[in-house]
Amino acid sequence: MNVLQVTAGNRAYPPDTGGYQRTHGLMLSFTESDDFVHRYCCSGILATYHEEGELLEEEVELTPALVEKRHYSILHDIPKIVGHLGCPVFAWPATLKSWVGDRIVEQVNEADVVMADSPHIAVFLAENTSTPTVYSSHNIEYERYLSTNDGWLSKSFGNRYRRVEEAAARKSDLVVCTTERDCDQFSKDASATAVIPNGIAGERITGTTTPAPRAKYDIPDDGVVATFLGSDYGPNVEAVDWLAENWSKLDEEYHLLILGDSGDSIETEQENVHTTGYVEDLQAALAMADIALNPIFSGGGSNVKLLDYFAAELPVVSTPFGSRGFELEAGEDLLLAEKADFFGAIDRLGSDESLRRRLGTNGQRSAAENYTWESLSAQLRATFAETLTMQS
């Protein structure tokens, strides 16, 4: 089976963020078989410089069975810049009608199936090729947009996103979702849907890590460290703002460690609230913590950070909404708590070492048994094979 994977991202390798992890992880089992994966990245020159500090190699052969081609074009920057300005990416349709779109269509010739992670690209491919098209939905984009933007035109723009996603579902041969909830939404328009939850590389679970020194962030060795991991995505910022505003509900021995860009929004003089910004060695940073937090109240898709926590064998306190997309047992794999009870759950974990060990062990086991990219990718491959058979 030859798969063309088209991503709106500048790259997917190395898979160091949630979106890149999913884009790359879904293909792992394909590269271990007789299949070939050609990944085509819509790499904006300005966006790549902004995010990476340099242009990466234009083409990388990750394995003999997976080649990642980064097509650098200023045209790819147009929809990305529009998106960063807080507007939906209306520029994608115009961009894809240019020679950029022709380049993408040229790649389809030898593919048995083409998979796109943007609704605009999925619509374009479905309309311009006869190859079976899969829309790989990381989340429901219009919900993601509305959770990040609250301007006076946001509702109108959000509705435009909704229409594009409905078209992607209607025109594609298969929609792959991260949660049953998202699948229910898309099934209203799609002819076929499949749920492949988010995952984590198996080596992340089995590997060993040396913790970063707590002194790096002025955290005492005898303190209880609760960590939150997240980029500056709206629901993450909402979560860290809420945590910082209410952290004084806990004793001074509890330290909040915010990993990632979501902490850039925090302005606090609390000595037991610490921010790191982007961290190079995530595993070492997570290994500093005693507890992991996931107070997510909005957004779409599912939270990959839960699997990062489980891989690090950290006991987790999450809101029920934050655990969507994963089949986990409350009280065994993690603690679930709404806002009113969240800090009480943190304190319960902080004062019970035995409970921390049990939850950490169970969460790690659940991730290893059910949520490795290796096993999830195999499920996707089987779904593709079935879809192609139905199309022939």
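Modelled label positions at residue 374 and residue 252, each set 7 Å beyond Cα in the direction of Cβ, lie 4.8 nm from each other.
Could you order 129, 209, 179 by accessible surface area, starting with the largest, using a probe radius of 1.4 Å?
209, 129, 179
Stretched out straight at 0.36 nm per residue, the stretch from residue 62 to residue 348 would grow longer than its current Cα-Cα span by 98.5 nm.
Taking 0.36 nm per residue of separation and subtracting the Cα-Cα distance, full extension of the segment from residue 232 to residue 72 would add 55.1 nm.
The calculated FRET efficiency for residue 50 paired with residue 189, based on their beta-carbon distance and R0 = 30 Å, is about 0.30.
Take every DSSP beta bridge whose two residues both sit in the chain; close to 10 percent of them are antiparallel. Relative to the longest principal axis of the Cα atoms of the chain, helix 154-171 runs at roughly 50 degrees.
May I ask you to derive the relative contact order of the chain, considering only C-alpha pairs under 8 Å and at least 6 residues apart, and to give it as an integer percent? Please report the intermediate quantities before stating the final value.
Numbers: 764 pairs, mean separation 57.1, N = 392.
The normalised contact order for the chain reaches 15 percent.
Summary of the geometry: the stretch 17-44 and the stretch 185-235, compared by the centres of their Cα atoms, lie 19 Å apart.
In the structure shown, the pairs 80/249; 188/305; 80/171 are assessed against 31 Å; a Cα-Cα span above that value is assigned to 80/249. Of the whole protein surface, residue 184 contributes about 90 Å² of accessible area at a 1.4 Å probe radius. Relative contact order of the stretch 182-298, taken over Cα pairs closer than 8 Å and 6 or more residues apart, is 31 percent. By the beta carbon rule, with partners counted only under 4.7 Å, the chain holds these lone Cys residues: 41, 42, 87. Of the trypsin sites (Lys or Arg not before Pro) found in the stretch 126-213, those that fall in a DSSP loop while having at most 11 other beta-carbon atoms within 10 Å are 188. Relative to the longest principal axis of the Cα atoms of the chain, the long axis of helix 119-128 makes an angle of roughly 20 degrees.
For the stretch 212-305, the fraction of 1.4 Å probe accessible surface lying on carbon and sulfur atoms is 41 percent.
Once the C-beta distance of residue 330 and residue 159 is scaled by a Förster radius of 35 Å, the resulting FRET efficiency is 0.50 to the nearest 0.05.
Remark on residue 229: its backbone amide H falls under 5 Å from those of 259, 293, a criterion applied only to residues 5 or more positions apart or on other chains, H modelled at 1.01 Å from N. In the complete set of protein chains, residue-level accessible area for residue 85 is approximately 130 Å², probe 1.4 angstrom. Residue 249 contributes about 140 Å² of solvent-accessible surface, heavy atoms of the protein only, 1.4 Å probe. Modelled this way, with points 7 Å down the Cα-to-C-beta line, the labels at residue 242 and residue 31 are 3.7 nm from one another.
Once C-alpha pairs closer than 8 Å and six or more residues apart are averaged by separation and normalised to the residue number of the stretch 111-241, the relative contact order reads 20 percent.
Gain on full extension, evaluated as 0.36 nm per residue between residue 84 and residue 265 minus their Cα-Cα distance, stands at 63.5 nm. A viscosity of 0.692 mPa s and a temperature of 37 °C, combined with the Kirkwood radius over Cα pairs in Stokes-Einstein, give a translational diffusion coefficient for the chain of 151 µm²/s.
The values are calculated or read from the model by the stated rules, or taken from the named source; none is laboratory data. Quick caveat, the model's predicted, so the values are computed rather than measured. Backbone-built Cβ (ideal geometry, glycine too); neighbour counts: all protein chains shown. The protein model used for the area step is the full one, side chains on, heavy atoms only, and it has no ligands, DNA or RNA in it. Shrake-Rupley method; radii C 1.70, N 1.55, O 1.52, S 1.80 Å.
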